[in-house]
Amino acid sequence: DRPPRLHRTFIHLGDGDGAPGSPIRVMQWNILAQALGEGLDSFVRCPLEALSWSRRKHLILEEILTYRPHIVCLQEVDHYFDTFQPVLASMGYSSSFCPKPWSPCLDVEGNNGPDGCALFFDQGRFELQDSANIRLSAMRIPTNQVAVVNTLRCRTTGRSVCVAVTHLKARSGWEWLRSAQGSDLLRHLQNLVQKQAGAPTGDPEPDIPLLICGDFNAVPTEEVYRRFSTSPLGLDSAYKKLSQDGLTEPQYTTWKIRPTGECCSTLDYIWYSQDTLRVDAVLEMPTEEQIGPNRLPSFSYPSDHLSLVCDFSFKE
Ligand code: NDP
Ligand code: CA
């Protein structure tokens, strides 16, 4: 007797000249750390039974395996070694994990270790070329936020793509820190994509395409969003493609009710290199009615953040 999962459909973008061929499917999702959901978050309209790990772990895995992304970028992972790494490895995914240095999960009694960012990729589609775990700095000072960066070679096209997953500092008052952390990540990525592509002599090779998935904890009007959208890396945010004008972010990627009130906002993004990658399809956001009056998480959906799923192709 389980309530139905949220049914969402892909919107295919018909601006492609050529056939999509076999696009690369990417998921961005803050899955909600088990220790935070039960211990610190105070989701006052979500029954405790809906937050039990025995229920949530099936819903999280079902969500991932419903869409079968080639690349899965997760935040708030505090069950990597005992659940996600082994289960997804058995389905053909290779992965990296970077725990937060001082995870707030560790303050919760009975915690399962620190939460962090995790990146999974389908080994049939990609081969790992390079991997780095990064502790983000702000004005040269190391912070409590991290990123995982993998450079992957696509086995179908032979082309490389650099994928990053991050989770920036939460809460209001920390806009300056998110901006500094975002700048630090952009600096790292600039070095990576240019260093690897550039031959020491001869013709300069084009930069490696970038995919940056994250819970930025920042609405689109924040400084860090502006830094990403105006960076010299030529990034665009994929979910804008869902809007009528193609320029507007969705109304929400997270929707929850805490004692302080309802929080419905857009904080999660998939950034991509617009010169080298094309968005072929975007998974629709569920409607307010589908989400329901008690919002998220719920018996139907295991996190307070919605998953973002897009299909990308390399441009010619
Ligand atoms: P953040 O402020 O980035 O938030 C951590 C988590 O709390 C996020 O996953 C966030 O989720 C969630 N969160 C956001 N808003 C709320 C809310 N209103 N109620 C409940 N949870 C919320 O934390 P930091 O990474 O900066 O870590 C802070 C914690 O780290 C401290 O509380 C402390 O426990 C620990 N720490 C310990 C140190 C030590 O010396 N032992 C040193 C430094 C930190 P989301 O992103 O989805 O909003
Ligand atoms: Ca959270």
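At a Förster radius of 22 Å, what calculated FRET efficiency corresponds to the Cβ-Cβ distance of TRP102 and ILE141, to the nearest 0.05?
The value I calculate is 0.95.
Run through the stretch 1-109 and list the chymotrypsin sites (Phe, Trp or Tyr not before Pro) located in a DSSP loop whose Cβ has at most 13 other Cβ atoms within 10 Å. Don't skip to the end; give the middle numbers.
On the way: sites: PHE10, TRP29, PHE43, TRP53, TYR67, TYR80, PHE81, PHE84, TYR93, PHE97, TRP102; in loops: PHE43, TRP102.
Filter output for the stretch 1-109: TRP102.
Within the stretch 290-305, name every residue whose backbone N is under 11 Å away from a label modeled 7 Å from Cα of CYS263 along the Cβ vector.
Residues passing the 11 Å test: 304-305.
Among bridges DSSP assigns within the chain, what percent are antiparallel (round to 5)? Present the calculation step by step, with values, prior to reporting the outcome.
Numbers: 57 of 68 bridges.
So the antiparallel bridges amount to about 85 percent of the total.
Restricting the calculation to Cα positions, tell me the Rg (one decimal) and the Dmax (whole number) of the stretch 1-150 in Å.
17.3, 55
Of the trypsin sites (Lys or Arg not before Pro) in the stretch 233-307, which ones lie in a loop per DSSP and count no more than 14 other C-beta atoms within 10 Å?
Values: sites: LYS240, LYS241, LYS256, ARG278, ARG295; in loops: ARG295.
The qualifying sites: there are none.
Could you pull out the pairs from LYS169/LYS256; LYS57/LYS240; LYS100/LYS240 whose alpha carbons sit more than 26 Å apart here? Don't skip to the end; give the middle numbers.
Numbers: LYS169/LYS256 18 Å; LYS57/LYS240 30 Å; LYS100/LYS240 30 Å.
Those over the limit are LYS57/LYS240; LYS100/LYS240.
Taking the Cα centroid of the stretch 115-129 and of the stretch 36-98, what is the distance between the two, rounded to the nearest whole Å?
When both Cα centres are located, 15 Å separates them.
Roughly how many percent of the accessible protein surface of the stretch 68-189 is carbon and sulfur, given a 1.4 Å probe and a whole-percent answer?
About 50 percent, which is the carbon plus sulfur part of the accessible surface.
Once the other residues with Cβ under 10 Å from the Cβ of SER137 are scored (Lys, Arg +1; Asp, Glu -1), what is the net sum?
+2
For ILE141, ILE270, write out the residues from largest to smallest accessible area, computed with a 1.4 angstrom probe and no ligands counted.
Numbers: ILE141 110, ILE270 0 Å².
Largest accessible area first, the list is ILE141, ILE270.
Find the cysteines in the chain that fail to meet the 4.7 Å Cβ criterion with every other cysteine, and list them.
CYS46, CYS98, CYS105, CYS117, CYS154, CYS162, CYS263, CYS264, CYS310
Given the protein chains as shown and a 1.4 Å probe, how many square angstrom of CYS46 are accessible, to the nearest 10?
20
Calculate the FRET efficiency for GLN251 and GLU205 from the Cβ-Cβ distance with a Förster distance of 41 Å, rounded to the nearest 0.05.
Details: r = 40 Å, r/R0 = 0.98.
E(calc), rounded to 0.05, equals 0.55.
Which length gain, in nm to one decimal place, applies between TRP174 and ASP275 when the Cα-Cα distance is subtracted from 0.36 nm times their residue separation? Don't skip to the answer; put the middle values down first.
On the way: separation 101, 0.36 × 101 = 36.36 nm, distance 3.19 nm.
Between TRP174 and ASP275, full extension yields an extra 33.2 nm.
Which value in nm describes the separation of the simple spin-label points at SER243 and THR9, placed 7 Å from the Cα toward the beta carbon?
Calculated label separation equals 2.3 nm.
On a 0 to 90° scale, report how tilted helix 175-197 is relative to the longest principal axis of the chain, with both axes built from alpha carbons and the result rounded to the nearest 10.
With both axes taken from Cα atoms, the answer is about 40 degrees.
With equal scatterers on the alpha carbons only and no solvent term, can you work out the Debye log10 of I(q)/I(0) for the stretch 139-195 at 0.13, 0.18 1/Å?
The computed values of log10 I(q)/I(0) come out as -0.42, -0.68.
Find the Rg to Rh ratio for the chain, where Rh is the Kirkwood radius over alpha-carbon pairs and Rg uses the same atoms. Don't skip to the end; give the middle numbers.
Details: Rg = 18.7 Å, Rh = 19.8 Å.
Result for the chain is an Rg/Rh of 0.94.
How far, in nm, would the chain grow between SER22 and GLU316 when pulled straight, counting 0.36 nm per residue and subtracting the alpha carbon separation?
104.4 nm
The values are calculated or read from the model by the stated rules, or taken from the named source; none is laboratory data. Quantities reported herein were computed from a predicted structural model and do not represent experimental measurements. All Cβ positions, even for glycine, are placed from backbone atoms using ideal geometry, and neighbour counts span all protein chains on display. To get the accessible areas, we keep the full protein, side chains included, count just its heavy atoms, and leave off ligands, DNA and RNA. Shrake-Rupley method; radii C 1.70, N 1.55, O 1.52, S 1.80 Å.
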